Ligand SMILES: Cc1cc2nc3c(=O)[nH]c(=O)nc-3n(C[C@H](O)[C@H](O)[C@H](O)COP(=O)(O)O)c2cc1C
């Protein structure tokens, strides 16, 4: 989430880059449920990250789209959330069983970008984040998906205003979340806009690939 606007709106933000952390796999030993309740026996950076997450009002999961899904790095981290689960089950409001959690899990926001032009590539992530929120006993307040993701770092002069407008809409979304805990329909629409048509984008990608391969 765009930290500056969010800060201007009165929120404190913490950016955690999983790539900078040493977070190992959940080994399914279930010690965090039965032997050392609430504490994971794997000693790595997960505890530090959990401390940062504990007091947050909102958790934002952000990932590039990898093979139609979240990155493995994010998934490894999510699996380690076993430690905030309880071995006991309860039925949710729809009558479906889920593990209780030992903390009140904040609302979730999902952000992802992908290389292809269509937003349909985010179908799996969108389905997953809503199931994941249900599993944790919380809800998703916003999903932000950016297709044509390569254009976010474009140097093509004609595209820069469009990218700048998009980043501005992201800032607005951040501000709205801080003040109202939701994103307005107007801002959602701005965030759903394509930078360029699918066909022009695909053509540009082809030119780019051609130019790189010719260099070699
Ligand atoms: C391993 C891997 C798998 C990818 N799979 C997809 C995919 O299934 N669909 C897609 O549109 N883009 C895919 N991409 C492109 C990435 O989503 C894109 O490079 C990324 O969103 C750019 O984010 P970044 O600027 O943070 O690197 C893949 C990239 C990698 C490295």
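Using alpha carbon coordinates only, what is the Rg to Rh ratio of the chain, with Rh defined as the Kirkwood radius? Present the calculation step by step, with values, prior to reporting the outcome.
Working: Rg = 19.5 Å, Rh = 19.3 Å.
Using only Cα positions, Rg/Rh for the chain is 1.01.
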Largest-first semi-axes in Å of the equivalent ellipsoid built from the Cα gyration tensor of segment 92-216 are 35, 18, 11
Using alpha carbon centers only, segment 76-141 is separated from segment 150-169 by a whole-angstrom value of 31
Expressed in angstrom and rounded, the centroid-to-centroid distance over alpha carbons for segment 6-47 and segment 182-202 is 33
Taking r as the C-beta separation of residue 189 and residue 29 and R0 as 35 Å, the FRET efficiency to the nearest 0.05 is 0.15
Here the FRET efficiency for residue 127 versus residue 215, based on Cβ atoms and R0 = 25 Å and rounded to 0.05, is 0.05
With Cα coordinates, the longest principal axis of the chain makes an angle with the long axis of helix 123-135, in degrees rounded to 10, of 20
Out of 155, 123, 193, a Gaussian network model of the chain with alpha-carbon springs under 10 Å gives the largest mean-square fluctuation to 155
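Helix-derived [θ] at 222 nm for the chain: sum -39500 (n - 2.57) over DSSP H runs of at least 4, divide by residue count, nearest 500? If you can, show how the numbers build up before the last one.
Working: 8 runs with 87 residues, N = 216.
One gets -12000 deg cm²/dmol as the mean residue ellipticity at 222 nm.
Below 8 Å between Cα atoms, with a sequence gap of 6+, how large is the relative contact order for segment 3-215 in percent?
Details: 260 pairs, mean separation 41.8, N = 213.
Result for segment 3-215 is 20 percent.
Read-outs: derived from the displayed coordinates by stated rules, not from any lab. Computed from a prediction, not measured in an experiment: that's the story for all the values here. Note: ideal-geometry Cβ built from the backbone for every residue, glycine included; neighbour counts use all protein chains shown.
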